[in-house]
Amino acid sequence: MRKRSGRQPKYAAVPNETIDNAVALDFMALALLTVLLRHRDGWDITLDAIGKKYGYGRDAMAKAMGLLMVGRYVVKVRMMSIEGNLWSTEVYVFDTPATDAEV
(Lines give C-alpha, C1' and ligand atoms only; values in the text may rest on other atoms or scores of the structure.)
Protein backbone atom coordinates (compact mmCIF):
# COMPACT_ATOMS: atom_id res chain seq x y z
CA MET A 1 0.00 0.00 0.00
CA ARG A 2 1.41 3.38 -0.92
CA LYS A 3 1.28 6.30 1.46
CA ARG A 4 0.96 9.91 0.45
CA SER A 5 2.56 12.41 2.74
CA GLY A 6 -0.07 14.20 4.77
CA ARG A 7 -2.84 14.02 2.16
CA GLN A 8 -5.89 11.81 1.96
CA PRO A 9 -5.74 9.67 -1.20
CA LYS A 10 -8.15 10.76 -3.94
CA TYR A 11 -9.09 7.18 -4.77
CA ALA A 12 -8.59 3.64 -3.55
CA ALA A 13 -6.42 1.44 -5.72
CA VAL A 14 -7.39 -2.22 -5.66
CA PRO A 15 -5.18 -4.43 -7.83
CA ASN A 16 -6.95 -6.32 -10.62
CA GLU A 17 -5.34 -9.47 -9.20
CA THR A 18 -7.31 -8.95 -5.98
CA ILE A 19 -10.59 -8.41 -7.80
CA ASP A 20 -10.05 -11.34 -10.16
CA ASN A 21 -8.85 -13.79 -7.51
CA ALA A 22 -11.16 -12.81 -4.67
CA VAL A 23 -13.53 -15.73 -5.27
CA ALA A 24 -13.38 -16.56 -1.56
CA LEU A 25 -14.69 -13.05 -0.79
CA ASP A 26 -18.23 -11.84 -1.26
CA PHE A 27 -19.09 -8.37 -2.50
CA MET A 28 -19.43 -7.06 1.05
CA ALA A 29 -15.91 -8.23 1.93
CA LEU A 30 -14.51 -6.74 -1.28
CA ALA A 31 -16.29 -3.46 -0.52
CA LEU A 32 -14.95 -3.44 3.05
CA LEU A 33 -11.44 -4.10 1.75
CA THR A 34 -11.81 -1.12 -0.56
CA VAL A 35 -12.89 1.11 2.33
CA LEU A 36 -9.97 -0.10 4.46
CA LEU A 37 -7.44 0.44 1.65
CA ARG A 38 -8.77 3.93 1.03
CA HIS A 39 -7.33 5.35 4.23
CA ARG A 40 -3.79 6.17 5.33
CA ASP A 41 -1.84 4.12 7.86
CA GLY A 42 -2.83 5.00 11.40
CA TRP A 43 -6.50 5.52 10.56
CA ASP A 44 -8.56 4.79 13.67
CA ILE A 45 -12.07 3.45 13.02
CA THR A 46 -14.36 0.62 14.07
CA LEU A 47 -16.37 -1.84 12.00
CA ASP A 48 -19.43 -0.44 13.74
CA ALA A 49 -18.70 3.05 12.42
CA ILE A 50 -18.12 1.77 8.86
CA GLY A 51 -21.34 -0.26 9.02
CA LYS A 52 -23.34 2.75 10.22
CA LYS A 53 -21.90 4.98 7.49
CA TYR A 54 -22.86 2.55 4.72
CA GLY A 55 -26.04 1.14 6.29
CA TYR A 56 -24.89 -2.39 7.21
CA GLY A 57 -25.33 -4.20 10.51
CA ARG A 58 -22.87 -5.76 12.87
CA ASP A 59 -23.31 -9.32 11.53
CA ALA A 60 -22.70 -8.32 7.90
CA MET A 61 -19.59 -6.37 8.85
CA ALA A 62 -18.26 -9.18 11.06
CA LYS A 63 -18.78 -11.73 8.29
CA ALA A 64 -16.98 -9.51 5.77
CA MET A 65 -14.07 -8.93 8.16
CA GLY A 66 -13.88 -12.67 8.85
CA LEU A 67 -13.59 -13.41 5.14
CA LEU A 68 -10.85 -10.78 4.80
CA MET A 69 -8.95 -12.32 7.70
CA VAL A 70 -9.27 -15.88 6.37
CA GLY A 71 -8.12 -14.64 2.96
CA ARG A 72 -5.19 -12.83 4.65
CA TYR A 73 -6.17 -9.42 3.36
CA VAL A 74 -6.48 -8.31 6.99
CA VAL A 75 -4.16 -9.49 9.75
CA LYS A 76 -4.80 -8.62 13.40
CA VAL A 77 -1.95 -8.71 15.90
CA ARG A 78 -2.66 -8.55 19.64
CA MET A 79 0.11 -7.14 21.79
CA MET A 80 0.50 -6.85 25.53
CA SER A 81 2.27 -3.88 27.05
CA ILE A 82 5.37 -4.56 29.13
CA GLU A 83 4.07 -2.09 31.69
CA GLY A 84 0.89 -3.43 33.20
CA ASN A 85 -1.55 -5.84 31.70
CA LEU A 86 -2.76 -3.62 28.85
CA TRP A 87 -3.61 -5.21 25.52
CA SER A 88 -3.84 -3.51 22.14
CA THR A 89 -4.66 -4.74 18.66
CA GLU A 90 -2.91 -3.64 15.49
CA VAL A 91 -4.74 -4.29 12.22
CA TYR A 92 -2.75 -4.60 9.01
CA VAL A 93 -4.51 -4.34 5.65
CA PHE A 94 -3.01 -5.76 2.46
CA ASP A 95 -4.17 -5.16 -1.11
CA THR A 96 -3.20 -8.74 -1.97
CA PRO A 97 -3.17 -11.67 0.46
CA ALA A 98 -0.36 -11.40 3.01
CA THR A 99 2.47 -13.88 2.65
CA ASP A 100 3.90 -15.93 5.51
CA ALA A 101 6.90 -13.59 5.58
CA GLU A 102 4.64 -10.52 5.97
CA VAL A 103 2.65 -12.13 8.76
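A few notes on this one:
- Index of the failed condition, Asp26 passing every other in (1) more than 17 Å from Ala98 (Cα to Cα); (2) free of Cβ contacts under 8 Å to residues at least 40 places away in the same chain; (3) open to solvent by less than 90 Å² (accessible area, probe 1.4 Å): (2)
- Within segment 48-66, the residues that satisfy the criterion of being open to solvent by less than 50 Å² (accessible area, probe 1.4 Å) and either in a helix (DSSP H, G or I) or under 18 Å from Thr89 (Cβ atoms) (or both) are Ala49, Ile50, Gly51, Ala60, Met61, Ala64, Met65, Gly66.
- Residue check, Asn16 at pLDDT below 80 and open to solvent by 80 Å² or more (accessible area, probe 1.4 Å): no
- A search for C-beta distances below 7 Å between a residue of segment 66-87 that is over 14 Å from Asp100 (Cα atoms) and any residue that is of a type in the set (Lys, Arg) and outside any helix (DSSP H, G or I), counting only pairs 6+ apart in sequence or on different chains, returns Trp87/Arg78.
- Residue within segment 78-99 that is modelled with pLDDT of 90 or more and in a helix (DSSP H, G or I) present: no
- Members of segment 15-44 found to be assigned to a loop (DSSP other than H, G, I, E, B) and either more than 17 Å from Met69 (Cα to Cα) or in contact with a strand residue (DSSP E or B) (Cβ under 8 Å, 6 or more places away or on another chain) (or both), listed by number: Pro15, His39, Arg40, Asp41, Gly42, Trp43, Asp44
- Any hit, segment 88-101, residues being open to solvent by 100 Å² or more (accessible area, probe 1.4 Å), of a type outside the set (Val, Ile, Thr) and under 18 Å from Arg38 (Cα atoms): yes
- Among the residues of segment 70-103, those identified as of a type outside the set (S, T, N, Q) and farther than 23 Å from Thr18 by Cα are Arg78, Met79, Met80, Ile82, Glu83, Gly84, Leu86, Trp87.
The values are calculated or read from the model by the stated rules, or taken from the named source; none is laboratory data. None of these values were measured; they are calculated from a predicted model. With ideal geometry, Cβ positions are generated from the backbone for all residues, glycine too; neighbour counts draw on all protein chains shown. Ligands, DNA and RNA are stripped out before the accessible areas are found, and what is left, the full protein with its side chains, is counted by its heavy atoms. Shrake-Rupley method; radii C 1.70, N 1.55, O 1.52, S 1.80 Å.
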